[in-house]
Amino acid sequence: MYWLVKQDKKKHAWGVTVITAIAIAGFFVSQRASRIAVQNYKQHQIDARQQELEADSILRTLNRDTAE
């Protein structure tokens with residue numbers, strides 16, 4: 001590999017530049033995806049709590065109506 005790099009230093013520099021740019025872009029995309037995943041998880045928890053409260057409310061109403 002060293003011999004190959006020594007043969008064509010311009011291509012090596014471009015290769016390192018391209019790989020570095022791809023790695024940096026991948027890092028930022030990964031960070032954004034993680035942030036969105038956390039937001040989705042929090043929203044899912046909120047939605048689940050709301051559905052649970054609605055279900056409890058319906059059950060209380062049904063139990064009250066059948067008790068009367």
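As a test of understanding, state the convex hull volume per residue of region 8-68 from its alpha carbons, in Å³.
43 Å³
With both labels modelled 7 Å from their Cα along Cα-to-Cβ, the Lys10 to Val38 distance reads 4.5 nm. Here the sum of -39500 (n - 2.57) over DSSP H runs of 4 or more residues, divided by the residues of the chain, equals -35000 deg cm²/dmol at 222 nm, to the nearest 500. For the chain, the longest principal axis of the C-alpha atoms and the axis of helix 9-67 are separated by about 0°.
Every number in this text was worked out from the coordinates using simple rules, so none of it is lab data. Everything quoted here is computed from the prediction, not taken from an experiment. In this analysis, Cβ positions are derived from the backbone assuming ideal geometry, glycine residues included, and neighbour counts consider all displayed protein chains.
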